[in-house]
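Participant: Structure in structure tokens, see below.
Laboratory data are not the source of any read-out in this text; all were calculated from the coordinates shown. All values derive from a computational prediction rather than experimental measurement. Cβ coordinates were reconstructed from backbone atoms using ideal geometry, including for glycine residues, and neighbour counts include every protein chain displayed.
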Amino acid sequence: MGSSRGVSRRALLASAPALATGALLAPRAAAAPAPFPQPPVIRSQGGVLSTSLRVAFTRGVLPGVGNVNLRLYNGHVNGPTLRLRLGDVLDLEHVNDLPPNPDQTSHADHNVPHKFNSINVHTHGLHVSPTGNADNVFREFTPYDPRNGLNTRSYRSRIEIPADHEGGTFWYHPHVHGAAAVQLSSGLMGALIVEGAIDQVPQVAAASDLVMCVGELKLARGQVPDLHAEDDLSSVPSTFVVNGNYRPQVRLRVGEVQRWRLVNASAFTVLPIEVEGHTLHQIAMDGIAFTRPVERERVTLAMGNRADVMIRAQRPGNYRIMAGDTLLATMTVQSGPGVRMDLPTELPGPAPFIDPAEVTRRRALTFHSDMDAFPGQAFTHAFRITGDGATPATRDAADPSDPTYGRFDPSYVNHTLRLGDTEEWTLTNDSASHANHPFHLHTNHFLVTAVDGRALDTPVWQDTVAINKSGSVTLRVRFKDFPGRALVHCHHLQHEDRGMMQLIEYVS
Ligand SMILES: [Cu+2]
């Protein structure tokens, strides 16, 4: 198999048989001293990372939270960390051991949540092919179901990482339209690391390299409620976990510098992350290195965003790692002998620049939500993307007030994007009161040049960007080398599942 497991322990869910014998969690203190509980790490060997991700309901005790029964990768909240090098192949077997879908394979309205037991995989942020067996989110890995003649539960994906890919922090999760919010709320996510030039920077190489993948579980009596009728996951209480652990502790010595790979794997919540008494030195955003570190008191990550930050431990004590009012983890700076470690001053990231003269086409998209578009139906809200390329209404194509206007249609290509072109998109959130809508483009990073009408002093390469309430974002993007169909969507996954998504097609 060519994989190796990391040595550090983390909160493991006991499988059902283990639970029956009373064996739950190995206390973390009994393991080798680890700076922070990390998911198991699976590395590529000889240019290939080959492993199996099995998704099944797993019953057990999540320490600090209680009894749970969740759809999980390999029995853990938060899947393994996949660690690759430039030019490697990611060769995954996906085993779907979930029960058959009660609602079978189709649904009358595609934008009503459904098919919670079908999975697939999206390698969020990777610049790889979106077609075939690669980062193709239109595949559906159904569970074994004798009723529909599908007699397999094993699927493969093969994703080639280009040799000139950026080195950085990415992540993976299932991306079946209609099921994404339920499945991420159940703990189906994991970090994906591509090693690259940033890891060779001496001060970065000297620092402990820790994943902090923040998930938001939606638990009602230990389970994620399937959405039926008026059930709405937004109203289910949130339990935030870091690498699958509830409020874990990270330890540093005085003066120690660590590199943290922050991942917002929540389906619902923007995370303004800060550490009491400490400054964060951001070195990368969404897997792309900066050209030099940027000091921040707070790093705000929309759903899907990642930030690599470095932190230098100050005086001994306990410090809270917060996301707004939510305690995510604790940082303990140990008393005793300190160390002297340096922060980097220069980084190898690409210049944050696309010449506006390159832009050959402009598009304007509006993220629009209506609270009572479908009165009397199970799901009354409509989440749409209007403006250029909007999906015609299915009821009455000539009537833009038809509530089906602007919602995802898997058979309608909203935007044809020519490889080699450079475009400028303006994204608007026309709601003053409703949520922030994080925009995510598959396959290509974009350069955010303006937020809420103000040009950024230093534009930022991103693959996901928050569009604030009554706000806007301007971005420039070059469509590079991979033809095929892919998606743009809101990364509030309940909005995505209900239609705030568009089909794009990259063409040669
Ligand atoms: Cu949204």
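Participant: With Cβ to Cβ distances under 12 Å as the rule, what net charge do the other residues near ARG363 carry (K, R +1; D, E -1)? Please report the intermediate quantities before stating the final value.
Facilitator: Working: positive: ARG361, ARG362, ARG476; negative: ASP388, ASP421, GLU423, GLU424.
Net charge around ARG363: -1.
Participant: How large is Rg over Rh for segment 321-400, taking Rg from the Cα atoms and Rh as the Kirkwood inverse mean of 1/r across Cα pairs? If you can, show how the numbers build up before the last one.
Facilitator: Values: Rg = 25.2 Å, Rh = 20.0 Å.
Expressed as Rg/Rh, it is 1.26.
Participant: Restricting attention to segment 350-437, which trypsin sites (Lys or Arg not before Pro) occupy a DSSP loop and are surrounded by at most 15 other Cβ atoms within 10 Å?
Facilitator: Numbers: sites: ARG361, ARG362, ARG363, ARG384, ARG395, ARG407, ARG418; in loops: ARG395, ARG407.
Here the sparse-neighbourhood loop sites are ARG395.
Participant: Any idea what the relative contact order of segment 16-197 is, in percent, if you count C-alpha pairs under 8 Å spaced at least 6 apart?
Facilitator: Relative contact order, segment 16-197: 25 percent.
Participant: Can you work out ³J(HN,Hα) from phi for every residue in segment 343-358, in order, using Karplus 6.51 cos²θ - 1.76 cosθ + 1.60 and θ = phi - 60°, giving whole Hz and x for Gly and Pro?
Facilitator: Taking θ as phi minus 60°, the curve returns 8, x, 10, 10, 9, x, x, x, 4, x, 8, 10, 4, x, 5, 6 Hz for segment 343-358.
Participant: Tell me the mean residue ellipticity at 222 nm calculated for the chain from its helices only (DSSP H runs of n ≥ 4, each -39500 (n - 2.57), averaged over every residue, nearest 500). List each step's numbers first, then the result.
Facilitator: Working: 4 runs with 19 residues, N = 508.
So the calculated ellipticity at 222 nm is -500 deg cm²/dmol.
Participant: Using modelled amide H (1.01 Å from N, peptide plane; none on Pro or chain starts), what sits under 5 Å from the amide H of LEU456, excluding residues fewer than 5 places away?
Facilitator: Counting only residues 5 or more places away or on other chains, the set is ALA450, VAL451.
Participant: Starting from the Cα gyration tensor of segment 16-197, take the square roots of the eigenvalues, sort them a ≥ b ≥ c, and report rounded, prolate or oblate (rounded when a/c is under 1.5, otherwise prolate if a/b is larger than b/c, else oblate).
Facilitator: Numbers: a/c = 1.90, a/b = 1.03, b/c = 1.85.
Oblate.
Participant: Could you pull out the trypsin sites (Lys or Arg not before Pro) across segment 189-291 that fall in loop regions by DSSP (anything but H, G, I, E, B) with no more than 13 other Cβ atoms inside 10 Å?
Facilitator: Numbers: sites: LYS218, ARG221, ARG251, ARG253, ARG259, ARG261; in loops: ARG221.
Taking segment 189-291 and a limit of 13 other Cβ atoms within 10 Å, the loop trypsin sites (Lys or Arg not before Pro) found are ARG221.
Participant: Moving to a separate point now. Quickly rank 480-493, 424-437 as a protection proxy: mean count of other C-beta atoms within 10 Å, highest first.
Facilitator: Peptide ranking by packing, descending: 480-493, 424-437.
Participant: Given Cα positions, please report Rg to Rh for the chain, the hydrodynamic radius being the Kirkwood one.
Facilitator: Values: Rg = 22.0 Å, Rh = 23.2 Å.
Reported Rg/Rh (Cα atoms, Kirkwood Rh): 0.95.
Participant: Hey, another quick one. What residues qualify as long-range amide H neighbours of SER52, i.e. H under 5 Å apart, gap of 5 or more or another chain, H built at 1.01 Å from N?
Facilitator: Under 5 Å from the amide H of SER52: GLU93.
Participant: When the chain is fully extended, how far beyond the present Cα-Cα distance does ALA364 get from LEU150, taking 0.36 nm per residue of separation? Intermediate results must be reported in sequence, preceding the final value.
Facilitator: Working: separation 214, 0.36 × 214 = 77.04 nm, distance 4.18 nm.
Contour length minus Cα-Cα distance gives 72.9 nm.
Participant: Also, I was wondering about something else. Which residues' amide hydrogens lie under 5 Å from the amide hydrogen of ILE467, considering only partners 5 or more residues apart or on another chain, with H built in the peptide plane?
Facilitator: Placed amide hydrogens put HIS437, PHE439 under 5 Å from ILE467.
Participant: Moving to a separate point now. Plugging the Kirkwood radius over Cα pairs into Stokes-Einstein for segment 120-199, at a temperature of 37 °C and a viscosity of 0.692 mPa s, what D comes out in µm²/s? Write down the numbers at each step before the final one.
Facilitator: Numbers: Rh = 14.1 Å.
D = 232 µm²/s.
Participant: While we're here: To make sure I understand, if each residue's beta carbon is the centre and we count other beta carbons within 10 Å, what order do PHE268, PHE439 fall in, fewest to most?
Facilitator: Numbers: PHE268 20, PHE439 27.
Listing PHE268, PHE439 from fewest to most nearby Cβ atoms yields PHE268, PHE439.
Participant: Taking the Cα atoms of segment 442-508 alone, what are Rg (to one decimal) and Dmax (as a whole number) in Å?
Facilitator: Rg, Dmax (Cα atoms, Å): 13.2, 36.
Participant: Also, quick follow-up: Using r as the Cβ-Cβ distance of ARG296 and ARG454, and R0 as 22 Å, what FRET efficiency do you calculate, to the nearest 0.05? Show your work: numbers first, answer last.
Facilitator: Values: r = 18 Å, r/R0 = 0.81.
Computed FRET efficiency for ARG296 and ARG454: 0.80.
Participant: Any chance you could tell me what percent of the C-alpha pair distances in segment 144-183 go past 10 Å?
Facilitator: That fraction is 82 percent.
Participant: Could you give me the radius of gyration and the Dmax of segment 356-507, taking only the C-alpha atoms into account and expressing both in angstrom?
Facilitator: 15.2, 50
Participant: Now for a separate question. Nearest 5 percent is fine: what portion of the DSSP beta bridges confined to the chain is antiparallel? Could the numbers behind the result be given before it?
Facilitator: Numbers: 98 of 137 bridges.
If I count the DSSP bridges inside the chain, around 70 percent turn out antiparallel.
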